[in-house]
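Chemist: One structure, pasted below without further comment.
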Amino acid sequence: LCQPVPRCGDQIYNPLEQCCVDDTILPLQRTQLCGLNCIYWPCFELCCPQSFGPQKNFILKLKVRGVKSQCHSAPISRDCGR
Amino acid sequence: MGTGCFLHTALLLMAQALPQLEASQYCGHLEYWNPDNKCCSSCLQRFGPPPCPDHEFVENCGLNDFGDLLTHPFRKCPPGQCNPDGAEQCSPCSSGVAASTPMGNGGRTLQRCKEVPKPIPPKGFCPLPSEETRAPISPVSSSLSWTTKSTSTQPSFVLISVLILVLVLLLISAVILLLPLQRHCCRHKGKTISLPSSGLVCGDPNTYTLPSLHSPSPGALEALETRTTEKVYLPPLLGKDLPGLESQPLSRLLDELEVLEELIVLLDPEPGPVGCMAYGTTRHLAARYGLPATWSTFAYSLRPSRSPLRALIEMVVAREPSASLGQLGAHLAHLGRADALRVLSKLG
């Protein structure tokens with residue numbers, strides 16, 4: 001089956017090895033910091049601040065492939081505070 | 001992951017020792033450094049305007065030059081400053097004039113990213129109680145979306161319904177088209193075969209792993225016959241209980257915690273049964289649902305605090321609400337996990 005090549009901004013990428021986050025192509029195995037002490041996978045998780053309060057915890061949500069994932073509706077992956 | 005990743009992790013760990021976020025070496029106050037594209041991107045383009053009144057962007061919207069989100073992108077205005085209109089920065093309350101971007105950006109060089117023209121994301125949901133905000137919270141805007149555009153819930157519900165309808169129509173037409181081919185191929189066996197109706201495995205435009213999910217060489221027809229053979233020798237349990245499971249949504253499994261726990265105990269551990277990776281674990285189940293191997297690596301990195309199987313089920317349910325327990329049962333059967341199938345049949 002022929003399918004359109006996925007685009008990220010104005011570039012194409014290989015979804016078997018890369019993902020598109022904010023018009024930036026990242027390798028699937030990329031990890032980043034969410035908050036000061038929580039490592040997450042930006043291709044598969046969302047880094048979501050929990051509150052504006054002084055504690056300002058972060059929570060990680062699962063990205064759903066093929067869907068525009070959002071912090072308020074995505075299922076929880078992990079709580080960075082724990 | 002090579003030495004580059006190790007170095008990055010080491011740098012990340014060093015960065016954690018810093019008491020607070022340092023300003024970007026490359027970008028201005030209202031931008032952040034994109035280490036992959038090597039340019040400065042707009043905070044407003046990524047996060048949208050401040051969702052709450054009297055809030056503004058923090059330095060580089062909380063991102064360091066490695067792309068880590070270290071602090072919340074927004075903060076309350078300093079005393080004496082206000083931002084009722086959702087501008088990027090606060091301004092003195094009395095003047096009512098929005099503050100301009102700091103001149104010269106502290107001497108930092110600006111290398112703007114060449115961004116595809118697109119509208120600024122709408123203002124997100126303000127989580128603060130209403131008494132802490134001066135302006136009324138918009139009832140239409142959704143909550144904070146940090147990496148994707150936000151949409152209102154009503155159109156998304158309609159969109160999901162339309163998508164489900166289109167999927168059902170595609171599945172029906174696929175079955176109608178494949179049925180004559182199956183009868184032709186399996187006429188000598190005297191029976192027809194019904195393939196698992198999994199839109200997530202075959203032909204789903206979101207999976208991009210379609211070639212890898214079909215059997216590789218020697219050929220599709222031979223692979224079909226092999227799959228047919230396996231189908232014939234499935235335990236009677238499958239034929240008896242699948243009809244009962246077929247009509248039930250996969251989301252039910254998330255509510256039946258005892259059954260889910262039993263499946264987690266059976267499917268999550270690696271290696272699989274008989275001490276061999278060849279038999280199906282959650283990793284193989286994820287592949288059958290069209291997820292890349294790296295996703296399984298990520299899901300298994302969540303252990304022990306989080307089950308990869310639970311994460312997989314939540315992912316599938318979120319992506320396709322119409323997914324059924326029957327599809328899961330068919331995948332388990334193809335993986336040769338009769339033990340897990342027996343557990344699943346309790347829901348039948």
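Chemist: Suppose R0 equals 35 Å; then what is the FRET efficiency for B:Glu246 and B:Glu270 from their Cβ-Cβ distance, rounded to the nearest 0.05? Walk me through the intermediate numbers first.
Modeler: Working: r = 29 Å, r/R0 = 0.84.
Computed FRET efficiency for B:Glu246 and B:Glu270: 0.75.
Chemist: Through the Karplus equation 6.51 cos²θ - 1.76 cosθ + 1.60, θ set to phi - 60°, convert the phi angles of segment B:54-62 into ³J(HN,Hα) values in whole Hz; use x for Gly and Pro.
Modeler: These are the phi-based 3J(HN,Hα) values: 6, 10, 9, 6, 7, 4, 6, 6, x Hz.
Chemist: Give the span of chain A's Cα atoms along each principal axis, as three whole-Å numbers ordered largest to smallest.
Modeler: Its Cα atoms span 49, 22, 19 Å along the three principal axes.
Chemist: Shifting gears a bit: Summing +1 for each Lys or Arg and -1 for each Asp or Glu, what net charge is found among the other residues whose Cβ lies under 11 Å from the Cβ of B:Phe57?
Modeler: On the way: positive: B:Arg46, B:Arg75; negative: B:Glu31, B:Glu56, B:Glu59, B:Glu88.
In short, -2.
Chemist: Averaged over peptide B:325-338, how many Cβ atoms belonging to another chain are found within 10 Å of each residue's Cβ?
Modeler: Values: counts 0, 0, 0, 0, 0, 0, 0, 0, 0, 0, 0, 0, 0, 0.
Neighbouring Cβ atoms belonging to other protein chains average 0 per residue here.
Chemist: Would you grab the residues whose amide H sits under 5 Å from the one on B:His55? Only those 5+ places off in sequence or on another chain, please, with H modelled 1.01 Å from N.
Modeler: Under 5 Å from the amide H of B:His55: B:Cys77, B:Asn83.
Chemist: Would you pull out the residues with amide H under 5 Å of A:Cys80's amide H, same chain only if 5 or more places away, H placed 1.01 Å from N?
Modeler: Result for A:Cys80 returns A:Phe58, A:Ile59, A:Leu60.
Chemist: Something else about it: How big is the dipole moment of chain A about its Cα centre under a simple scheme where the beta carbon of each Lys and Arg is +1, that of each Asp and Glu is -1, and everything else is neutral? Debye, nearest 20, please. Could you put the intermediate results ahead of the total?
Modeler: Values: 9 positive and 6 negative charges, 56 e Å.
Charge dipole, chain A, about its Cα centre: 260 debye, nearest 20.
Chemist: What percent of all Cα-Cα pairs in segment B:247-348 falls in each 10 Å bin, counting up from 0?
Modeler: 16, 55, 28, 1
Chemist: Can you list residues whose amide H is under 5 Å from A:Ile12's amide H, if they're 5+ apart or on another chain and H is modeled 1.01 Å from N?
Modeler: The list, which skips near neighbours in sequence, is empty: none.
Chemist: What is the calculated FRET efficiency for B:Gln45 to B:Phe66, with r their C-beta to C-beta distance and R₀ = 25 Å, to the nearest 0.05? Write down the numbers at each step before the final one.
Modeler: Details: r = 20 Å, r/R0 = 0.78.
The calculated FRET efficiency here is 0.80.
Bear in mind these aren't lab numbers, they're just calculated from the coordinates by the rules spelled out. Bear in mind the structure is a predicted one, so any value in this text is a computation, not a measurement. Neighbour counts run over all protein chains shown; Cβ positions are idealised from the backbone, glycine included.
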